[in-house]
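S.K.: Take this structure, written in structure tokens, and hold onto it; I'll ask about it next.
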Amino acid sequence: MTDVAAQPTADELAPPTPVIDREAARRAYDDDRAHVFHSWSAQGALTPMVVAAAQGCWLWDGEGNRYLDFSSQLVNTNIGHQHPAVVAAIQEQAGRLCTIAPQHANDVRSEAARLVTERAPQGLDHVFFTNGGAEAIENAVRMARLHTGRRKVLSRYRSYHGHTQAAIHLTGDPRRWPNDSGAEGVVHFVGPFLYRSQFHATTEAEESERALAHLAHVVEMEGPATIAAIVLETIPGTAGIMTPPPGYLAGVRELCDRHGILLILDEVMAGFGRTGEWFALDGIDGGVTPDLITFAKGVNSGYVPLGGVILSDAIHETFRERPYPGGLTYSGHPLACAAAVATIRAMEQEGIVDHARRIGQDVLGPGLRELAARHAVIGEVRGRGVFWALELVADRETREPLVPYNASGAAAKPMNDLVAACKRRGLLPFVNMNRLHVVPPCIVTEAEARLGLRLLDEALAEVFGG
């Protein structure tokens, strides 16, 4: 690692510590435990951290402890916490027009739609706004089914698309299992992942070719004329940040075109600067144009809930005279759209997308690979921009995962120990199964990124030695 003595400390890099009302934080914790029902959790086992304040890439808990946010919360605060331009835009909009029904037009919704579609591939010129990513997937699938007159939808294992009815069925990770009724017309297939290749591939070219052959076989066996769409996270996020090998997305596009199947790319997590591109699809295979794009999270860093579907002109034309049978009370909510407009403008004016790309190329990528050289527990480093994963293994030769698939309780102890070691050092990590994801806000400075790497290095050494 770089000379530690020459690197700035957290005290030098973090904003001034805000005044923390510890008694209010204690009340917040007590009321949470008494009344709040948390997602994806056994309620009795929870001891949630009270977050009292946040600024930029930093946050403070109810005891005044400071953390460098290497999770971007749920990989959504792309422009960091409390960006002043976005906060001001929400405040200004609240003073002018807090809400309006979606059947009416308003200036910020129109402007948000224009800014989003300007960054999408040519020919995708219309936006249906939702409240988040899962609803975006629900509506994209509905549009695909109505446009094609077909019911079946294909998606990959190792994916996450949300927790509403169609979205959770499309999801390929274990969160689907207790929710899967097998009634949504969804068929799963194996996507490319060279490190754990299911196709006995040894190169990216082999993995791409064999994964495409597998998908083509699934399409053939399911009946191409029954399939409305193939749904893919452009780069799977919580499933492992697995950038598809060269030629794969282009091959899926060609397969879809051959059979009249629509291609839906899920950019909920990978979009809006996360990979160093406006959309992750821009940096893969020279840019692949899907029929529908879903987005959420980074479009306004989650300051007010917002998601959406970007429609191709052909799908928009389907509903020119035919009513679209779907809608949401808060579709294109003015406060959310004002936040999106301010976020996109800030990202453009401040060069945040290019900054995220440079941080990945110059700091996070090299730094994480250096960690892998120092710590045998790291089997693979993969990612781009500010979207990285460390594949943690019990044995580098066999590539046995550090913890079993979908581990919990005592089986997950090594990962839980690593999280605890990170938090003791003031680093807030993001982990899933046997992976630690390095996903700071797109605005993370070089010094903050290097500090995070140093804290992670220390945590890895404490838990696993070396």
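S.K.: Starting from one equal scatterer on each C-alpha and no solvent at all, send me the Debye-based log10 I(q)/I(0) for the stretch 171-231 at q = 0.16, 0.17 Å⁻¹, two decimals.
M.R.: -0.64, -0.70
S.K.: Sticking with this one: List the residues, sorted by chain then number, that are 5 or more residues from Gly379 or on another chain and whose placed amide H is less than 5 Å from its amide H.
M.R.: When sequence neighbours closer than 5 places are left aside, the close amide H contacts are Glu391, Leu392, Val393.
S.K.: Helix-derived [θ] at 222 nm for the chain: sum -39500 (n - 2.57) over DSSP H runs of at least 4, divide by residue count, nearest 500?
M.R.: About -11000 deg cm²/dmol.
S.K.: Can you give the % of DSSP beta bridges in the chain that are antiparallel, to the nearest 5?
M.R.: 65
S.K.: Please give the contour-minus-distance gain from Thr398 to His259: 0.36 nm per residue of separation, less the Cα-Cα distance, rounded to one decimal in nm.
M.R.: Numbers: separation 139, 0.36 × 139 = 50.04 nm, distance 3.95 nm.
Full extension of this stretch gives 46.1 nm more.
S.K.: Further question on the same structure: Would you pull out the residues with amide H under 5 Å of Asn131's amide H, same chain only if 5 or more places away, H placed 1.01 Å from N?
M.R.: Gly307
S.K.: Which value, in debye to the nearest 20, gives the size of the charge dipole of the stretch 355-466 about its Cα centre, when Lys and Arg are +1 and Asp and Glu are -1 at the Cβ?
M.R.: 260
S.K.: Would you list, by chain and number, the lysines whose Cα falls below 19 Å from the Cα of Lys423, excluding same-chain residues fewer than 8 positions away?
M.R.: Lys413
S.K.: Which residue, chosen from Leu212, Leu170, Leu255, occupies the Cα position most advanced towards the positive end of the dipole of the stretch 170-281, where the dipole is computed from +1 (Lys, Arg) and -1 (Asp, Glu) charges on Cβ about the Cα centre?
M.R.: Highest projection toward the positive end goes to Leu170.
S.K.: Once you have a ≥ b ≥ c as the square roots of the Cα gyration tensor eigenvalues for the stretch 117-268, tell me rounded if a/c is under 1.5, and otherwise prolate or oblate according to whether a/b is larger than b/c.
M.R.: rounded
S.K.: How would you order 189-197, 252-260, 43-51, 445-453 from highest to lowest mean count of nearby Cβ atoms within 10 Å?
M.R.: Listed from highest to lowest mean packing, they are 445-453, 189-197, 252-260, 43-51.
S.K.: Rg and Dmax of the stretch 4-123 over Cα atoms: what are they, in angstrom?
M.R.: Every Cα atom of the stretch 4-123 included, Rg and Dmax give 19.4, 59 Å.
S.K.: Still on this structure: Tell me whether the stretch 197-351 comes out rounded, prolate or oblate; compute the Cα gyration tensor, take square roots of the eigenvalues as a ≥ b ≥ c, and use a/c under 1.5 as the rounded threshold.
M.R.: Oblate, because a/c is 1.5 or more while a/b does not exceed b/c.
S.K.: Mind listing the phi-derived Karplus ³J(HN,Hα) values for the stretch 103-112, rounded to whole Hz, using 6.51, -1.76 and 1.60 with θ = phi - 60°, and x for any glycine or proline?
M.R.: Using θ = phi - 60°, the values come out as 6, 9, 8, 8, 5, 6, 5, 4, 5, 4 Hz.
S.K.: Report the extension gain between Gln165 and Arg142 in nm, rounded to one decimal, defined as 0.36 nm multiplied by the number of residues separating them, less their alpha carbon distance.
M.R.: 7.1 nm
S.K.: Beta carbons within 10 angstrom, averaged per residue: use that to sort the peptides 96-102, 392-398, highest first.
M.R.: 392-398, 96-102
S.K.: If you don't mind, there's one more thing I want to ask. Quick one: 3J(HN,Hα) in Hz for the stretch 64-69, Karplus 6.51/-1.76/1.60 with θ = phi - 60°, rounded, Gly and Pro as x.
M.R.: So the Karplus estimates, Gly and Pro as x, are x, 6, 9, 9, 7, 7 Hz.
S.K.: Length gain on complete extension for the stretch Met221 to Arg33, per 0.36 nm per residue less the alpha carbon to alpha carbon distance?
M.R.: Full extension of this stretch gives 62.7 nm more.
S.K.: Now a separate question. What are the ³J(HN,Hα) values, in whole Hz, obtained from phi via the Karplus relation 6.51 cos²θ - 1.76 cosθ + 1.60 with θ = phi - 60°, for each residue of the stretch 299-306 in sequence order, with x given for Gly and Pro?
M.R.: 4, 9, 6, x, 5, 9, x, 7
S.K.: Can you give the charge dipole size of the chain about its Cα centre, rounded to the nearest 20 debye, using +1 on the beta carbon of Lys and Arg and -1 on the beta carbon of Asp and Glu?
M.R.: Dipole of the chain, to the nearest 20 debye: 720 debye.
S.K.: Regarding the chain, what is the average projected area of its C-alpha convex hull, in nm²? Present the calculation step by step, with values, prior to reporting the outcome.
M.R.: Numbers: hull surface 89.6 nm².
With the hull built on Cα positions only, its mean projection is 22.4 nm².
S.K.: Sorted by average packing, counted as other Cβ atoms within 10 angstrom per residue and highest first, what order do 81-90, 428-437, 287-296, 206-215 take?
M.R.: In decreasing order of mean packing, 81-90, 428-437, 287-296, 206-215 become 287-296, 428-437, 206-215, 81-90.
S.K.: Go ahead and collect, in residue order, the members of the stretch 294-335 whose backbone nitrogen is under 11 Å from a label point 7 Å along the Cα-Cβ direction of Thr99.
M.R.: 329-331, 333-335
S.K.: Which far-off residues, 5 or more places away or on another chain, put their amide H under 5 Å from the one on Gly185, with H placed in the peptide plane?
M.R.: none
S.K.: Another one. Assign one of three labels to the stretch 268-311, namely rounded, prolate or oblate, based on the Cα gyration tensor with a ≥ b ≥ c the square roots of its eigenvalues; rounded applies when a/c is under 1.5, prolate when it is not and a/b is larger than b/c, and oblate otherwise.
M.R.: oblate
S.K.: With r defined as the distance between the Cβ atoms of Arg114 and Asn179 and R0 fixed at 35 Å, what FRET efficiency is calculated, to the nearest 0.05?
M.R.: 0.45
Quick note: the coordinates plus some simple rules give every number you see, no bench work behind them. Since we're looking at a predicted model, the values are computed, not measured. Positions of Cβ are generated from backbone atoms using ideal geometry, with glycine treated the same way; all protein chains shown enter the neighbour counts.
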